[in-house]
Amino acid sequence: MTDAVSPSEREYQPNRPELELATGIPPEELDRLTEDLISAMKTVFDPEIPVDVYELGLIYKVDIDDSRFVTIDMTLTAPACPVAGEMPTWVENAVNGVQGVSGAKVNMVFDPPWDQSRMSEEARVALDMW
């Protein structure tokens with residue numbers, strides 16, 4: 001991300017996931033870990049939409065515990081998405097590749113349902129959706 005505010009100081013933004021951050025990890029490491037996790041999630045794309053899952057707003061919650069295990073709640077643009085069974089694994093694999101992560105689990109959630117308001121400005125530009 002481009003802002004200079006640490007993840008723990010960020011205000012909630014409706015098109016960004018909720019962050020639950022461990023308190024037993026030094027702040028500098030937590031900041032690096034959070035930024036690296038976001039970068040990893042941004043490598044996963046919905047094959048039908050040329051935007052990554054993070055900017056699409058498909059990632060609802062990221063929880064990093066003291067053991068550096070990452071739990072992610074994510075959704076899909078539609079429950080009948082053709083890659084519904086595969087996309088969580090793609091996200092898990094990307095997150096497991098982040099240095100310092102002890103493991104990852106992705107939970108599929110559909111409440112609240114995804115809608116276009118969850119997309120970032122970057123995603124709106126990429127899809128020409130204003």
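A few points about this structure:
- When Glu122, Glu55 are checked against the criterion of being buried (at least 18 other Cβ atoms within 10 Å of the Cβ), touching a residue at least 60 places away in the same chain (Cβ under 8 Å) and closer than 17 Å to Pro17 by Cα, a single residue qualifies: Glu55.
- Some residue of segment 67-74 being in a helix (DSSP H, G or I) and either in contact (Cβ under 8 Å) with a residue 12 or more places away in the chain or not polar (S, T, N, Q) (or both): no
- Within segment 82-98, the set of residues being part of a loop (DSSP other than H, G, I, E, B) and surrounded by fewer than 18 Cβ atoms within 10 Å (Cβ to Cβ) comprises Pro82, Val83, Ala84, Gly85, Glu86, Gly97.
- Selection within segment 99-114 - part of a loop (DSSP other than H, G, I, E, B), over 18 Å from Ala78 (Cβ atoms) and touching a Ser or Thr at 6+ places or on another chain (Cβ under 8 Å): Ser102
- Looking only at residues in segment 43-52 that are crowded, with 17+ Cβ neighbours inside 10 Å and under 11 Å from the mean Cα position of the chain (by Cα), the one that is modelled with the lowest pLDDT is Asp52.
- If you check Thr23, Thr34 for being touching an Asp or Glu at 6+ places or on another chain (Cβ under 9 Å), modelled with pLDDT of 80 or more and polar (S, T, N, Q), only one passes: Thr23.
- Filtered residues of segment 27-48 (kept if of a type in the set (Asp, Glu), in contact (Cβ under 8 Å) with a residue 12 or more places away in the chain and in a helix (DSSP H, G or I)): Glu29, Asp31, Glu35, Asp36
The values are calculated or read from the model by the stated rules, or taken from the named source; none is laboratory data. Keep in mind that what you see is a predicted model, and the values were worked out from it rather than measured. Ideal geometry is used to build each Cβ from the backbone, glycine not excepted, and the neighbour counts take in all protein chains shown.
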